[in-house]
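**Student:** Handing you a structure now.
The values are calculated or read from the model by the stated rules, or taken from the named source; none is laboratory data. Treat the numbers as computed from the prediction; the structure is a model and nothing was measured. Positions of Cβ are backbone-derived with ideal geometry, glycine not excepted, and every protein chain shown enters the neighbour counts. When the accessible area is computed, the model is the full protein with side chains, heavy atoms only, and any ligands, DNA or RNA have been set aside. Shrake-Rupley method; radii C 1.70, N 1.55, O 1.52, S 1.80 Å.
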Amino acid sequence: PPFSFQFGPFLDAKHDQVENFQLLGSFAEVFKLCLKTIVDGTRSAGSQLVFVPSARDVHHDSVYPQPPFSFPELPRDDRARVHFVPDPCTLEIE
């Protein structure tokens, strides 16, 4: 059976390390590491991933409606299963 997981924001404005400037990289670098970890970790399962921004993602535009995330480093082989959508969005599944 298919599974659905929701988590985020990816780099939460309310996280202690963000509020106290304790990150080991820029917001964009930490976000890209999060995405890479998720994409790489789900590749063998063949999961379809849908990334929707949160208003609390500090690395992303804080406007509403929010544009989709940009991740040009996404490997070509993953482009058919990884989807970046705006907030709000409408998804049609099957």
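**Student:** Using the Cα centre of the chain as the reference point, and only Cβ charges (+1 on K/R, -1 on D/E), how large is the resulting charge dipole? Debye, rounded to the nearest 20.
**Tutor:** Its charge dipole is roughly 180 debye.
**Student:** Give me Rg/Rg_expected for the chain, where Rg uses Cα atoms only and Rg_expected = 2.2 N^0.38 Å with N residues.
**Tutor:** 1.12
**Student:** Going by amide H atoms built from the backbone, whose H comes under 5 Å of the H on GLN66, apart from near neighbours?
**Tutor:** Answer set, sorted by chain and number: ASP87.
**Student:** Ok, one more. Compute the acute angle (0 to 90°) between the alpha-carbon long axis of helix 27-42 and the principal axis of greatest extent of the alpha-carbon atoms of the chain; round to the nearest 10°.
**Tutor:** That helix lies at roughly 30 degrees to the long axis.
**Student:** Check VAL50: other-chain or 5+ apart residues with amide H under 5 Å from its amide H, H built from backbone geometry?
**Tutor:** HN-HN under 5 Å from VAL50: HIS83.
**Student:** Follow-up question, since we're still on this one. From largest accessible area down, sort LEU24, LEU33, LEU11; use a 1.4 Å probe on the protein chains.
**Tutor:** LEU24, LEU33, LEU11
**Student:** On to the next question. How much area per residue is accessible in the chain when the probe is 1.4 Å and only protein heavy atoms are counted (Å²)?
**Tutor:** 75 Å²
**Student:** Accessible area of THR37, 1.4 Å probe, to the nearest 10 Å²?
**Tutor:** 90 Å²
**Student:** Using a 10 angstrom cutoff on alpha carbons, build the Gaussian network for the chain and name the most mobile of ASP78, ASP40, ASP61.
**Tutor:** ASP40
**Student:** Using the Cα atoms of region 13-59 to build a convex hull, what is its mean projected area in square nanometres?
**Tutor:** Taking the Cα atoms of region 13-59, their convex hull projects to 3.7 nm² on average.
**Student:** Now a separate question. Put +1 on the Cβ of every Lys and Arg and -1 on every Asp and Glu Cβ in region 3-84; which of PRO68, LEU49, GLY25 then has its Cα farthest towards the positive end of the dipole?
**Tutor:** LEU49
**Student:** Given a 1.4 Å probe and every protein chain left where it sits, what share in percent of the accessible area of the chain is carbon and sulfur?
**Tutor:** Ligands and nucleic acids excluded, carbon and sulfur reach 56 percent.
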